[in-house]
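What follows draws every value from the coordinates through simple rules; no lab data is involved. Computed from a predicted structure; not experimentally measured. Cβ atoms come from the backbone with ideal geometry, glycine included; neighbour counts cover every protein chain shown.
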Amino acid sequence: MQFCNAFCIFIADMTTDQALERLFSKRAWYKNSGIGGSTARSYKKRFLDNKLDLEAKMKILRVSGFDLVQEMQWKENVDADFLRRELFDKLLEYNAFWSYDLQSIVSVSDEILIENVLLHLDLEEISLLFRLFPTRKIKRIWKERMLRREPLYHNLNILYAFLFFRIKDPDRYIRQFVNNQNRRFYERIEPSN
């Protein structure tokens with residue numbers, strides 16, 4: 001629901017088809033739209049037969065006084081195996097797996113892949129990670145593997161916190177994370193009274 005003008009009239013957000021159903025349910029809906037009567041009947045019949053294309057639907061709604069509230073959202077189909085292989089090959093190129101037996105290594109776990117991409121590759125390859133894995137998973141691994149090593153990767157941590165995880169105050173976030181980590185560590189080693 002949205003608020004409209006000073007009189008606080010509620011206007012429901014609708015899908016394209018719901019808006020057309022509402023429009024076509026009105027008698028003589030086409031009168032002030034610039035669409036002729038026979039064309040209007042043709043549009044309505046094609047809509048009811050589910051043969052009206054999206055561009056025509058949007059045009060009809062626009063000239064009939066409807067506003068597009070939100071753009072359509074698209075998600076790219078991702079070939080996960082291809083992206084994974086591409087990142088893995090770049091890490092091999094960068095010699096990130098120097099301690100592994102390259103003859104026996106065919107693939108690595110998600111955690112190792114994410115950690116090594118964050119540590120060794122450029123921003124372009126890191127953005128591929130976000131096409132391959134959910135942000136929540138990448139952030140969890142970043143916190144477990146990189147933030148725990150603070151201050152070793154301090155500059156990278158600040159960059160990732162701000163750029164990829166949209167943390168508004170990265171220094172404060174990192175300092176708080178380290179303080180919490182230290183507090184938990186000292187609570188475990190202090191003898192209980």
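A few notes on this one:
- Across every pair of non-identical alpha carbons in the chain, the mean reciprocal distance, once inverted, gives a Kirkwood radius of 22.3 Å.
- Using just its DSSP H runs of length 4 or more, each adding -39500 (n - 2.57), the chain gives a mean residue ellipticity at 222 nm of -17000 deg cm²/dmol after division by all residues.
- Cβ-Cβ FRET estimate between TRP98 and ASP49, R0 fixed at 45 Å, reported to 0.05: 0.10
- Eligible lysines near LYS143 by straight Cα distance, threshold 17 Å, same-chain separation 8 or greater: LYS168
- Dipole of the chain [Lys/Arg +1, Asp/Glu -1 at C-beta], most positive-end residue of LEU147, LEU54, SER99: LEU54
- Residues considered: ASN32, ASN116, ASN182. Largest GNM mean-square fluctuation over the chain, using C-alpha springs under 10 Å, is found at ASN32.
- The lysines whose alpha-carbon is closer than 26 Å to the alpha-carbon of LYS45, local same-chain residues fewer than 8 away aside, are LYS26, LYS31, LYS57, LYS59.
- Only Lys, Arg (+1) and Asp, Glu (-1) charged, at Cβ; segment 13-130 dipole about Cα centre in debye: 1960 debye
- Distance in nm between pseudo-label sites at ARG27 and THR15 (7 Å out along the Cβ direction from Cα): 3.0 nm
- Ranked from largest, the principal axis spans of the Cα set of segment 80-189 equal 43, 32, 21 Å.
- Extension gain (nm, one decimal) between ARG149 and VAL178, 0.36 nm per residue minus Cα-Cα: 9.5 nm
- Segment 14-90-segment 158-193 distance, computed between alpha-carbon centres (Å): 47 Å
- Low-density loop cleavage sites - trypsin sites (Lys or Arg not before Pro) in segment 128-172, where at most 14 other Cβ are within 10 Å (DSSP): ARG166, LYS168
- Nearby aspartates and glutamates by direct alpha-carbon distance to LYS90 (threshold 19 angstrom, same-chain neighbours under 8 apart not counted): ASP79, ASP81, ASP101, ASP110, GLU111, GLU115, ASP122, GLU124, GLU125
- For a label point 7 Å along the Cα-to-beta-carbon line of THR135, residues of segment 154-169 with backbone N under 20 Å: 156-169
- Options LEU20, LEU83, PHE164, ranked by Cα towards positive dipole end of the chain, top entry (Cβ charges): LEU20
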